[in-house]
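First the structure, in the form of structure tokens, and then the observations on it.
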Amino acid sequence: MSSSKLIFIFVILLLPHALFSQRSDFDNSIALNSIRSSDLKWTVTSNGIDLLLKNSLIFPNEFRDSVNTKLFETSSAQNQIVRPQWVRGAIIPAALIAAGTITLLPEPYCLLSKYHIQEEELEMFPGFNTPIDNYLQFVPVAAIFGLKAAGVKSRSDLPNQIAIMAKAELLMGLIVHGMKKTIRIERPSGEGMNTMPSGHTAQAFVAATVLDMEYRDTSPWISVGGYAVATTTAIGRMVNNKHWISDILIGAGIGIFSAKVVYYTHKYRWGKKNNMVILPAIYKNGGGVSFAMQL
């Protein structure tokens, strides 16, 4: 089996892992940050709630049972081990960047060399030339806001989607253009010294990752479609003789990394509701005020 086929198999096997392996981490981060959870999680700032629950003359049993349940859920969550989501979130980008770096190291005629892989690609697709990859890179972006306009349920509201996409694009662009300026490697076609990394691939994967994050709970096929388009864009850059295998792997890693960083650091400043409940309390020896908060 040729090395190019091995690379294609590697990419195909990587997509489902990139799609689903970090789902629990992202969901945990959303729950811990209490951004869009529909469940009530009560935070108590004083021991007033304990006295409040004992006062059956003021509040019905249903209320006390509900608060007791929420306090138990919060206590259970606090006792769980919290794994830093950014550690596992970095696995896929790091693997892609490492794989791309490996193809830079061997001798030109080694099996894993970018030169050897490119030769085999050109033999498989002789004279292939299409501009479709110039447009495919923007399809995931169009899908993100197109689905939103169609009313498809997403994880974030429109202002937050715009903010997340803008920050991810900015971070990706800074990394890509910074590397292109400092890492002077010639394109396989000989058309320039700015081949590392592939900007088209980074663009496609940063948008595909945002698409995945926003709509994976609605339908996993939306995520599959986004990553399939991004992978097709990356392969198109190779078969068009515009980029080496190292460029597209590292570009994909940068795209995914940029989106993950933004999601793990984004502060949701829109779409919030008043989530504080003030509860007057009357005790045997006096009274006071306690409050509960929906996070």
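The values are calculated or read from the model by the stated rules, or taken from the named source; none is laboratory data. Keep in mind the model is a prediction, meaning the values are calculated, not measured. Neighbour counts run over all protein chains shown; Cβ positions are idealised from the backbone, glycine included.
Things to note:
- Taken over the range 129-156, the criterion of being in a loop (DSSP other than H, G, I, E, B) and more than 16 Å from the chain's Cα centre (by Cα) is satisfied by 129, 130, 131, 132, 137, 138, 150, 151, 152, 153.
- Odd one out for residue 243 among (1) of a type outside the set (Val, Ile, Thr); (2) over 24 Å from residue 126 (Cα atoms); (3) not in a helix (DSSP H, G or I): (2)
- Condition met for residue 165 (modelled with pLDDT of 95 or more and buried (at least 20 other Cβ atoms within 10 Å of the Cβ)): yes
- Residues that are part of a loop (DSSP other than H, G, I, E, B) and either buried (at least 18 other Cβ atoms within 10 Å of the Cβ) or among the charged types (D, E, K, R) (or both) within the range 168-194 comprise 184, 186, 187, 188, 191, listed in sequence order.
- Residues that are surrounded by fewer than 24 Cβ atoms within 10 Å (Cβ to Cβ) and in a helix (DSSP H, G or I), drawn from the range 204-232: 215, 220, 221, 222, 224, 225, 228, 229, 231, 232
Listed here are the residues, each with its yes/no results for (1) buried (at least 16 other Cβ atoms within 10 Å of the Cβ); (2) more than 29 Å from the chain's Cα centre (by Cα); (3) closer than 30 Å to residue 266 by Cβ; (4) modelled with pLDDT of 70 or more.
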| position | (1), (2), (3), (4) |
| --- | --- |
| 65 | no, yes, no, no |
| 68 | no, yes, no, no |
| 76 | no, no, yes, no |
| 82 | no, no, yes, no |
| 85 | yes, no, yes, yes |
| 90 | yes, no, yes, yes |
| 102 | no, no, no, yes |
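- Condition met for residue 294 (at pLDDT below 95 and not charged (D, E, K, R)): yes
- Cβ-Cβ under 7 Å pairs, at least 6 apart or on other chains, the range 142-160 side modelled with pLDDT under 95 and surrounded by fewer than 18 Cβ atoms within 10 Å (Cβ to Cβ), far side among the hydrophobic types (A, V, I, L, M, F, W, C) and in a loop (DSSP other than H, G, I, E, B): 157/270; 159/270
- Checking the range 170-178 against the condition returns no match, with no residue being touching a His at 6+ places or on another chain (Cβ under 6 Å) and not β-branched (Val, Ile, Thr).
- Any hit, the range 162-182, residues being charged (D, E, K, R) and more than 23 Å from residue 267 (Cα to Cα): yes
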